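Enquirer: The structure under discussion is supplied below as C-alpha cells; questions concerning it will follow.
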Amino acid sequence: MRINNYQRRVAMTLALIGLMSSVVFGQVSGQAPTTTKGAVIKGKAPVSKDILKVQLPKAQEATLKNGLRVVLLESHKIPTFAMQMVVLSGGLSDSADSHGLASSTATLLREGTTKRSSKEIAEQTEAIGASLFSSSGLSSMTSTVTVSGLTDNLDQIVDIFADVVRNPSFPQDEIEKYKKRTLANLMIQRSSPQFLADEQFSKAIYGDHPAALASPPAESIKKLSTKDLATFHSTYYRPNNAMLTVVGDVTMKSILPVIEKAFGDWQKADVPATTIPAAPVQSAARIFLIDRPGSVQTVIELGTLGIERTSPDYFAVLLANRVLGGGPTGRLFLNLREDKGYTYGAYSSFGGSKYRGTWTASSEVRTDVTEGAMKEFMYELDRLRAEPVTAEELENAKRAIVGGFALSLESPTSLLANIVTQKLYNLPADYWDTYPQKVAAVTAADVQRVANQYLDKEHLQVVAVGDASKARDVLAKYGIVQVYDADGKLIGGSENK
C-alpha cells in the first residue's frame with residue numbers, strides 16, 4: 001500500500017508523541033494550599049483494581065558477538081518503529097576541565113559523518129519521513145541517539161542511524177557553528193529568571209559535583225576541537241558500552257539481521273569506568289537573592305537534597321511530592337494559586353540518579369506578594385512534616401499516580417523507557433509489574449517520615465530572583481541573605497533580623 005505524505009506525517013506525529021511521552025517516574029511537579037476554600041476536587045482518577053494485578057509485556061533480548069545488547073518490545077498498532085542507542089557514558093564521564101564534552105559530542109554526531117554531510121543527513125532523513133536526534137546531559141550516565149520512522153523504510157533509516165552512531169567526522173566548520181550558537185544561547189539564558197534560579201539552586205545543593213552545572217562552561221565550549229570530540233567518541237561509543245532499544249512494528253526475527261548488518265562489525269574496546277561521585281554533604285540553610293532591578297515578579301525556588309533512584313524511600317517520596325505539589329490538586333497549587341491568587345502555578349518535583357537528586361518547590365509570584373508566598377511555602381513544608389496527610393489526600397494521590405501509570409501502558413515507548421530504567425538501575429525484574437502495589441502500600445506515616453527526613457529546614461536552600469530592593473528584607477526574616485547579580489557575582493549580604 002502506497003502511503004502519501006499526509007499519512008506519513010500523521011503516522012510520524014503519533015510515533016513522536018509516543019516517544020516524547022516516555023514516563024520517568026520520580027520526577028513530577030505539583031502544588032498545595034493553606035486552606036482549600038474556593039478549590040474543590042470534583043473527580044477522581046478512575047482506577048480499576050485490576051490495574052494492581054497487571055503483568056506487563058516482556059521485552060525480547062539478544063546480544064551481538066561484539067557485546068551490543070539489543071532489547072525489543074513489539075507493538076503492531078501502527079507501521080512505525082523507534083530505535084535508541086543508549087551509550088552507557090554521558091556527562092559524568094567528562095573530565096574536570098571538559099564539562100560539556102559528552103553533550104557536545106552527542107549533539108554534533110548529526111552534523112556530518114565520513115559518508116554524509118550534515119546537509120545530506122538532514123535531507124535523507126526528511127525524504128523518508130524519519131526523525132533523528134541525539135543528546136547527553138551534563139551530569140547524565142548515558143548518551144543517546146534516537147531515530148524513528150515508518151517500518152517500510154527500516155533498512156534506509158537504520159543505515160543512516162548506524163552511520164551517525166559509528167562514523168561521525170566532527171567537521172571543523174560545523175563545530176564553529178555549534179560554538180557560536182551555544183555561546184549565544186549561554187548569554188540569552190542569563191536573561192531568564194527561571195534559569196538563574198535553577199543555576200544558583202544547583203550550585204547551592206551540589207557545589208563541585210557535575211550536577212551543579214545548569215549549562216556547559218563557556219571556556220569548555222570555546223576550546224572544543226575535532227580531536228576532543230573524536231577522542232570522546234572513540235573512547236566511549238563502543239558496542240560493549242551500549243544498549244540498543246527498539247519498539248514498534250517489527251519482530252526480533254526481522255530486525256536482528258538488519259542490526260547485525262549495521263552494527264555487527266562495530267569494534268568493541270576497553271572502556272574506562274565512569275566514577276559516579278556521591279552528592280556532597282548538605283550545607284546549612286542558606287538564602288540566595290539574585291537581583292533583577294525593576295522586576296515585577298519574584299521567582300522562588302527552594303529545596304533540599306533528596307534520594308537516589310534506587311532508594312527504598314522512592315515510593316513514599318513519590319506520594320509525598322504528589323500531595324505537596326505534584327499537580328493542580330497539590331497543596332502548593334491550591335494554596336498559592338487557588339486560595340491566595342499569588343501566581344498562575346506552584347509546584348514541587350523530585351528526581352534521583354545513581355547519586356542523590358533534589359526535592360524542590362517553586363513558583364513565580366508578583367513582587368508585591370513575595371512575603372506572602374514565602375510564608376505559604378514554609379507553612380506547607382511545615383504542615384507536611386508536622387501532620388499526617390488525610391486519608392482522602394493520600395487516596396487521591398495514589399489514584400492519580402496509578403492512573404497515570406495505567407495510561408502510560410498504552411504507549412510502547414513508555415513501556416520501553418521503563419525497561420531501560422529497570423536495566424540501568426538494576427531494579428528487580430518484576431519492578432514495573434508490582435509498581436501499582438508499591439504505590440498502594442504507602443501509608444500516611446511513610447509520607448510524614450520522608451517529609452521529615454528529606455525536607456529538612458535546617459538544610460533548606462532558598463533561591464529568589466527578583467528586585468532586591470523589595471525582596472531582601474522579606475527574605476532576611478528567614479536567614480542570612482546573600483545577594484548576587486545576574487552574572488553570579490556576590491554583591492552583598494545581610495544578617496538575620
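What follows is calculated from the coordinates using simple rules that are stated; it is not laboratory data. The shown structure was predicted, so the numbers you read here are calculated from the model rather than taken from an experiment. Every residue, glycine as well, gets a Cβ built from its backbone with ideal geometry; the counts of neighbours run over all protein chains shown.
Enquirer: Report the local net charge at PRO168: Lys and Arg +1, Asp and Glu -1, summed over other residues whose C-beta lies under 12 Å from its C-beta. Can you show the working numbers first?
Expert: Numbers: positive: ARG110, LYS115, ARG116, ARG166; negative: GLU111, ASP163, GLU174.
Surrounding charge for PRO168 is +1.
Enquirer: Using mean Cβ contacts within 10 Å as the protection proxy, how do 383-390, 186-193 order, highest first? Show your work: numbers first, answer last.
Expert: Values: 383-390: 16.5, 186-193: 13.2.
Listed from highest to lowest mean packing, they are 383-390, 186-193.
Enquirer: Mean separation of Cα pairs under 8 Å and 6+ residues apart, divided by the residue count of the range 67-263: what relative contact order is that in percent? Kindly include the intermediate steps, with their values, before the conclusion.
Expert: Working: 345 pairs, mean separation 77.7, N = 197.
Averaging sequence separation for qualifying contacts and normalising by length gives 39 percent for the range 67-263.
Enquirer: Just to confirm a number: summing +1 for Lys and Arg and -1 for Asp and Glu over residues other than SER234 whose beta-carbon lies under 14 angstrom from that of SER234, what do you get? List each step's numbers first, then the result.
Expert: On the way: positive: ARG166, LYS227, ARG238, LYS268; negative: ASP228, ASP270.
Around SER234, the surrounding residues sum to +2.
Enquirer: Okay, next question. Net charge near THR360, counting Lys/Arg +1 and Asp/Glu -1 over other residues with Cβ under 11 Å of its Cβ?
Expert: So the surrounding residues net to -2.
Enquirer: Can you give the convex hull volume of the alpha carbon atoms of the chain per residue, in Å³?
Expert: Details: hull volume 79.8 nm³, N = 497.
It is 161 Å³ per residue.
Enquirer: For Cα pairs less than 8 Å apart in space and 6+ apart in sequence, what is the mean separation divided by the residue count of the chain, i.e. the relative contact order in percent?
Expert: Values: 1010 pairs, mean separation 123.5, N = 497.
Relative contact order, the chain: 25 percent.
Enquirer: Can you work out ³J(HN,Hα) from phi for every residue in the range 256-271, in order, using Karplus 6.51 cos²θ - 1.76 cosθ + 1.60 and θ = phi - 60°, giving whole Hz and x for Gly and Pro?
Expert: Once rounded to whole Hz, the list reads 4, x, 5, 5, 4, 5, 7, 10, x, 9, 5, 7, 7, 7, 6, 10.
Enquirer: For the pair THR231/ASP208, report the inter-label distance in nm, with labels modelled 7 Å from Cα in the Cβ direction.
Expert: Distance between the two pseudo-spin positions: 2.2 nm.
Enquirer: Calculate how many DSSP beta bridges within the chain are antiparallel, expressed in % of all such bridges and rounded to the nearest 5. Can you show the working numbers first?
Expert: Values: 51 of 67 bridges.
The answer is about 75 percent antiparallel.
Enquirer: Relative contact order, percent, of the range 305-414 when contacts are C-alpha pairs under 8 Å separated by at least 6 residues? All intermediate terms of the calculation are to be shown ahead of the outcome.
Expert: Numbers: 128 pairs, mean separation 28.1, N = 110.
This gives 26 percent for the range 305-414.
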